[in-house]
Amino acid sequence: MLIAIWGFLEALAAALCMNVYVVGLNKVNKPTLPLASGEFSVPTPVLLVVAFLVMVSGHGLLASTLWQRAQQFDIENKDCITQFYMFIWKLFYAEYFLIPFV
């Protein structure tokens, strides 16, 4: 299982690198793009990428936390059901922190 996940991550990294290359290649000699035309300054795309990384990392962290708690869930225990329900609400409110990064 771990080998399959590792292979998937390798393929995903390769696809991401190819996409960055192709997108960068398509932007050559296009003066109407925001960065080339001066509409964006150089720090603006950097800020967008950082915001995207914060958003993706935050969602990944919250999703993995939910997954771990779901693995420990006992449907027969009423206290466990209540705690899990309250945990989902806490995750819901934690999503409000990530809204500015969308």
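Computed from the coordinates by the stated procedures, all read-outs in this text should not be read as laboratory data. The structure displayed is predicted, hence computed values, not measured ones. Ideal geometry is used to build each Cβ from the backbone, glycine not excepted, and the neighbour counts take in all protein chains shown.
In segment 63-80, the qualifying residues are those that are assigned to a loop (DSSP other than H, G, I, E, B) and among the polar types (S, T, N, Q), and the one that is farthest from Leu98 (Cα to Cα) is Asn77. Looking at segment 59-80, is at least one residue touching a residue at least 12 places away in the same chain (Cβ under 8 Å) and of a type in the set (Val, Ile, Thr)? Checked segment 59-80: at least one residue is touching a residue at least 12 places away in the same chain (Cβ under 8 Å) and of a type in the set (Val, Ile, Thr).
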